[in-house]
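The block underneath contains the structure these notes are about, expressed in structure tokens.
The values are calculated or read from the model by the stated rules, or taken from the named source; none is laboratory data. Keep in mind that what you see is a predicted model, and the values were worked out from it rather than measured. Glycine gets a Cβ as well: all are built from the backbone with ideal geometry, and neighbour counts include every protein chain shown.
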Amino acid sequence: MKKSLAGLFTGIFLTIPTLSLRLSAQTVPPSVKAAEASVDGERIRAHVRFLADDLLEGRGPGLRGADIAAQYIATQFALDGLKPAGNNGTYLQQVNFVGVTTIPGKTTVAFSGNAAPAQPLRLADDMVISNQQHTPTEDIDVPIVFVGYGVTAPEFGWDDYANVDVKGKAVLVIVGDPPSDDPKFFGGKALTYYGRWTYKYEQAARMGAVGAIIIHRTDLASYGWDVIKNSWSGEKTYLRDDAKPVLRAASWIQLSVAGKLFAAAGKNPDPNVEIAEAGRRGFKAYVLPVHFKAHIESVVRPFESPNVVAILPGTASGPQQAILYSAHYDHLGFTPGMAGDNIYNGAVDNATGCGVLLELARAWTALRPPHDVIFAAVTAEEQGLLGSEYLGQHPPIPVGQIALNLNYDALQPVGEPREVEAAGVERTSFYPTFEATAKRFNLAIVPDAHPEAGHYYRSDHFSMARVGVPAFSVGEGTLFAGHDAAWGLAQADDYTAHRYHNFSDNYTPQMQFGGLATMARFGIDLGWQALTAPRTVSWKSGDEFESARKHSQQK
């Protein structure tokens, strides 16, 4: 869960400064400083300009444009002289997927009440739906159970599925966490994984539901309905060999549609009233006198899409404590047959992270690290962190030997940062080093400007954390040289409102890449210190990923 970095640690370091000093950043040798100095923002620009070009058609997994992107990244790794860490001596770690595209003209969805007439729903406008079973056709006619936030969290004494049977039914569930102002209870204002749509579907399937209907509300999701529509109206991607239980119907509905559904069930027609009730202790799930009826027809496409993985081998013998740098190269592809701009170019999300990753790889080859340095450009992040999930399950070296994962995702090329944001670093023993290094780079550490968005659970470092690797993303805050923090926050909010997961996330010559070069230099510094630390990085005692770390190191 996200916490305020400054608030969490300031008191500790003020009361025990000698400990802070002892754990602070190590001396970085001249060779590392020279590698950092070689980082060039214009090289990052060149990578971003190519990866975000129309030629790559939005880099949809398993499509021509994504394959071009993967080959481009692999070629850059080869030019750098890095060792391939994919399949059969190549840089490509092929991942088996199944793509499922809901066919709008043949798919019908409706809510049908006992007395009220059926309410047909319009795909894209009212709802989106996907069949996780990977079958061409599914027919569903089942009762709906409102399970509030759909959370089972024993550590918080919360179970929305208590005393209700949802087997063979569809669950109606609210996006986000139960409301809280207490950081020790569902993270307070910060979103936990319990609030993510991926958890909602996973838990519903574990409980035996055949369908899940997530109620969208912009403030709870942290993005508008257009993001849902654009992300779900095309092909949805699933790991082909995933053993987790899945749903026959995974869907979202607009808030206004939820109001009509509650009204048809004889409940308050204002959906916010039912949402508020579900956020109180004592809420009990209930069956609505309404059926979820769906005929889902899909185009099912098995395909492969690769992670691109390379290693700079370490020189020292003894226990391995490697560093993994990562960024996802995929985006949402394009909309066939659409007039005008129909390509989701993904310049910021995430050609920027890939540009930084490639410049990191080039700069690191001037060094002789004591342990392996791994570079991974992963696929299918936009489909639910699937490429990084596969990488975590099939790493190039045992996960217990990876000391730290530094991830780069959707950096804003708007200027020279004066702040760094890395939610999750405070959960690790690496934080004092991070703090001291940020100080040397004249970067103030700031908490996530939008903790309610749950960014820690929305990027590829989370996949590595789930298998025990201490992991976080490195990004800018909202303060940039020559501007105040309000300006930086406005830039981020404008991007989310108008370009995030939209056709307008394009490269422009006005983008400034000097700040991304700073983030790359900072990452080199952090990586070197993790490689040469006297003790490998660990999760703090009691952290949700601590047990996975211990398990991985016992293998």
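If you go through region 262-315 and pick out every residue that is closer than 23 Å to Pro143 by Cα, β-branched (Val, Ile, Thr) and assigned to a strand (DSSP E or B), you end up with 3. On the basis of being buried (at least 19 other Cβ atoms within 10 Å of the Cβ), touching a strand residue (DSSP E or B) at 6+ places or on another chain (Cβ under 7 Å), assigned to a loop (DSSP other than H, G, I, E, B) and modelled with pLDDT of 95 or more, does Val166 make the cut? So Val166 passes the test. Of everything in region 227-249 that's at pLDDT below 90 and farther than 15 Å from Val128 by Cβ, which residue is surrounded by the fewest Cβ atoms within 10 Å (Cβ to Cβ)? Checked region 227-249; the qualifying residue surrounded by the fewest Cβ atoms within 10 Å (Cβ to Cβ) is Ala243.
For the criterion of being in the same structural domain as Asn342 (by TED's automatic domain parsing), part of a helix (DSSP H, G or I), at pLDDT below 95 and aliphatic (A, V, I, L, M), Ala548 passes. The residues of region 339-396 that are within 14 Å of Gly58 (Cα to Cα) and in contact with a Gly (Cβ under 7 Å, 6 or more places away or on another chain), listed by number, are Ile343, Tyr344, Asn345, Gly346, Thr379, Ala380, Glu381.
Condition check ((1) crowded, with 19+ Cβ neighbours inside 10 Å; (2) among the basic types (Lys, Arg); (3) in contact with an Asp or Glu (Cβ under 7 Å, 6 or more places away or on another chain)) across all residues:
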{"site": "Ala436", "(1), (2), (3)": "no, no, no"}
{"site": "Val446", "(1), (2), (3)": "yes, no, yes"}
{"site": "Pro451", "(1), (2), (3)": "yes, no, no"}
{"site": "Glu476", "(1), (2), (3)": "yes, no, yes"}
{"site": "Trp487", "(1), (2), (3)": "no, no, no"}
{"site": "His498", "(1), (2), (3)": "no, no, no"}
{"site": "Gln512", "(1), (2), (3)": "no, no, no"}
{"site": "Ala520", "(1), (2), (3)": "yes, no, yes"}
{"site": "Arg535", "(1), (2), (3)": "no, yes, no"}
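For the residues Gly482, Gly515, Gly523, the requirement of being at pLDDT 95 or above, in contact with a Pro (Cβ under 6 Å, 6 or more places away or on another chain) and small (Gly, Ala, Ser) singles out Gly515. Total residues in region 444-501 satisfying the condition of being more than 14 Å from the chain's Cα centre (by Cα), among the aliphatic types (A, V, I, L, M) and under 30 Å from Pro395 (Cβ atoms): the figure is 3. Taking each residue of region 69-94 that is β-branched (Val, Ile, Thr) and looking for partners that are surrounded by 22 or more Cβ atoms within 10 Å (Cβ to Cβ) with beta-carbon atoms closer than 7 Å, six or more apart or interchain, yields Ile73/Val308; Ile73/Tyr329; Ile73/Cys354; Ile73/Leu358; Ile73/Ala377. Kindly check whether there is at least one residue in region 491-507 that is without any contact (Cβ under 8 Å) to a residue 24 or more places away in the chain and assigned to a loop (DSSP other than H, G, I, E, B). Looking for residues that are without any contact (Cβ under 8 Å) to a residue 24 or more places away in the chain and assigned to a loop (DSSP other than H, G, I, E, B), one finds none in region 491-507, hence no.
The number of residues in region 191-214 being under 20 Å from the mean Cα position of the chain (by Cα) and aliphatic (A, V, I, L, M) comes to 2. The set of residues from region 176-207 being crowded, with 22+ Cβ neighbours inside 10 Å, modelled with pLDDT of 95 or more and among the aliphatic types (A, V, I, L, M) comprises just one member, Ala204.
Taking interchain pairs and intrachain pairs at least six residues apart, which have beta carbon atoms under 6 angstrom, with the first residue in region 48-63 and without any contact (Cβ under 8 Å) to a residue 40 or more places away in the chain and the second of a type in the set (Asp, Glu) and surrounded by fewer than 24 Cβ atoms within 10 Å (Cβ to Cβ)? Taking only residues 6 or more apart or on different chains, not a single pair turns up. Considering Phe334, Phe375, the condition of being touching a strand residue (DSSP E or B) at 6+ places or on another chain (Cβ under 9 Å), surrounded by fewer than 24 Cβ atoms within 10 Å (Cβ to Cβ) and of a type in the set (A, V, I, L, M, F, W, C) is satisfied by Phe334 alone.
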